[in-house]
1. Taking the condition of being closer than 16 Å to Pro582 by Cβ and basic (Lys, Arg), how many residues in the stretch 618-648 meet it?
2. What do you reckon, is Ala563 part of a helix (DSSP H, G or I) and within 16 Å of Leu678 (Cβ to Cβ)?
3. Among (1) closer than 14 Å to Ser418 by Cα; (2) surrounded by 23 or more Cβ atoms within 10 Å (Cβ to Cβ); (3) not hydroxyl-bearing (Ser, Thr, Tyr), where does Gly521 come up short?
4. Out of curiosity, is Ser150 buried (at least 18 other Cβ atoms within 10 Å of the Cβ) and of a type in the set (S, T, N, Q)?
5. Limited to the stretch 360-395, what total is found for residues that are assigned to a strand (DSSP E or B) and either of a type outside the set (Ser, Thr, Tyr) or surrounded by fewer than 19 Cβ atoms within 10 Å (Cβ to Cβ) (or both)?
6. Counting only residues that are more than 30 Å from Leu485 (Cβ to Cβ), part of a strand (DSSP E or B), of a type outside the set (Gly, Ala, Ser) and touching a residue at least 12 places away in the same chain (Cβ under 8 Å), how many does the stretch 404-437 have?
7. Which condition does Lys555 not pass, out of (1) surrounded by 24 or more Cβ atoms within 10 Å (Cβ to Cβ); (2) on the phi > 0 side of the Ramachandran plot, if it passes all the others?
8. How many residues does the stretch 464-488 hold that are outside any strand (DSSP E or B) and not acidic (Asp, Glu)?
Amino acid sequence: MKKLYIRLLVTMTVSAALCCGCRRPFPTETRPAKLIYPPARKDSTADIYHGVKVPDPYRWLEDADASETQAWVAQQNKLTSDFLTSVTAGEKIKARLTHLLNYPRYSAPYKEGDRYFFWKNEGLQNQSVLYTQKTLEDKLRVVINPNLLSADGTVAVTTTAVSKDGTLLAYALSRSGSDRRDVKIRTIDSSRDYDETLKWCKFTSIAWKHNNEGFFYNRFPDPNTVPPEDQANYNRVYWHKLGTAQSQDRLIYERPDNKELTFDPLITEDGKFLILNVYHGTDPKNRVYYRPVESTAPFIRLLDEADARYDFIGNTDSVFYFNTDLDAPRGRIIAIDTNNPARENWREILPQTDDVIDYVGLINNHFVVAYMHDVHHQLKIYNLDGTFVREITLPTLGTVGGLSGKQDDTEMFFSFTSFLFPTTSYRYDFLTQQLATVHKPKIDFDPSHYETKQVFYHSRDGTRVPMFITHKKGLKLDAGNPTLLYGYGGYNISRKPYFSVYVLTWLELGGVYAVANLRGGGEYGEEWHQAGMLDKKQNVFDDFIAAAEWLIENKYTSPNKLAIRGGSNGGLLVAACMLQRPRLFGAVVCQVPVTDMLRYHKFTVGRYWIPEYGSAEATPQEFKVLYAYSPLHNVKAGVEYPPILVTSADTDDRVVPAHAKKFVAALQAKAAGKNPILLRVETKAGHGRGKPISKVIDEQADIYAFLLKTLDLQNNNVK
């Protein structure tokens, strides 16, 4: 669950265009006079933090339902739309994006019972479809098609759990991108749903009991039973018996003494134990409780100090295996015998190495370990005693995902992707040691003309930071290349190589695409994460600024051709860097950003992020740190900031759109010069997960149009 609610949509692109099918440039786009922005009322609202008065004149924009707010947003959207539709290449950009995206895409298969399951999108379907088959050669059978659930594709299936025997499916529905979901249950053979609907689910995990009687799941209280500020508190674990109303669900576990804890239930593969992973916000340090599945006794608090991350891998009888960063910031595998759980009895199976253990599977009675070596994966197999067996050779520098397989299986599946390698799924046979392709996509793009390299640069304090750079082969380093620099830097999330058709369009234009692996992420383990959180957050901004300076110094680009992009925590990143170094960038795309660092914890699930950022209300020191970089509070009057497009969504209940609205209002009121400051608020969309393809294409096309106009890319080519 922790990983689900901190993940976000990562679609990074920029574009410019030539007439489709020829090499004639579109007419030169001329930058207009300074835009006339919709006025935003300022009032005298202010807060006192540790004796410091902090004005908040746009507090009224936090009320999304107020007519004044809605009218202002409508005017902002019209201003943005008028600006973007004036780009003559806009429709051709959209057509090229649509064409590139129109190819079949698959997830890696996984097996439950005697059936394989995987997701497939034919190309332009708003939502991917879940399929099953008895063998990998059988005809596909639809399990659930989310595209039939709404006319506009805004209802998404965001969580699925198939029963142990492969006959039942529990699935969660999200509407308009909301994190709040309803859980339904389907009989796979008949494609019929049970009558019950489970509500008030957010970041929910589902653990089927192996006899199919029902499942354990976690949810929040009925919002009508708690104050608004507690609607994301008091997470509880329930038992749901199949075929009964939610009102009959039995409470399994709660912690009213610590209302901010959340719980992820899972059942061990042997069906013997119910395990609860216990989290406080987005802090990777978790607790682990367990008890026998059939027991009603109190849970045994196996790990209750929240002193490290403990990722449960699997078990052999009473022995539980964990990937942990306890005394090992890059990870190690340990074994705890629950019959003799004292720490002095723990066994180390795999010690820490120079590389990070990203995740581990227990398959074919082996540990399958995905290591990160300088932010790209290596896949290695070990015996249960930790002895090395072999390494699986991967196609290129890239990322392994979707690893699946059971403890007694002789096969496993995974996907592999990289910047120039479309996501491809594989089957590995433990008996023959052979790796075979299961699904390989075909796309109208020739990657042989392009290349990805990894470089290392030094940040302000001398820290060595990696960066991936992808561009056309033979690129001339003359400082004139349009370059898109992406970053995130937070929550222990690693930005590994990935494939995106939106990046391909940028590459076809002769653009350079760069991803900086900033501190705050997990690229080099927990120490790397901690070096970019709380009072060390400025390190993240320094790393990103240094990446931009390296690209300029090495003549990949120049400030007027350098665009930066980030979303959510990455939106905070690009906003802060723009304010700190406004002359370093030619354009900024700031998506679903966190910008009010003094009040972020007051909205929806914002309090989950306190372990990452701190709280302005907690101590004078934490307030000082947050106030120093909070984008909303660091906009300076009279500064000419680069062109910026800020995007949000009206039903984003993770990073509420008030962040984007207040930040844009402050920028428009204070900034000097003619550079456009634009706000785009999507309707019936959330933070990104589950957004229909049609809306994604529209958003990407608008971003391309913005960059085409502001970076003056009219002479670049698009097919």
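Values in this text are rule-based calculations from the coordinates and carry no lab data. The shown structure was predicted, so the numbers you read here are calculated from the model rather than taken from an experiment. Counting neighbours? That spans all protein chains shown, and the Cβs are built from the backbone with ideal geometry, glycine included.
1. The total comes to 1.
2. So Ala563 does not fit the description; no.
3. (1)
4. no
5. The number of residues fulfilling the criteria is 24.
6. Number satisfying all stated conditions: 9.
7. Of everything listed in (1) surrounded by 24 or more Cβ atoms within 10 Å (Cβ to Cβ); (2) on the phi > 0 side of the Ramachandran plot, Lys555 misses just condition (1).
8. Count: 11.
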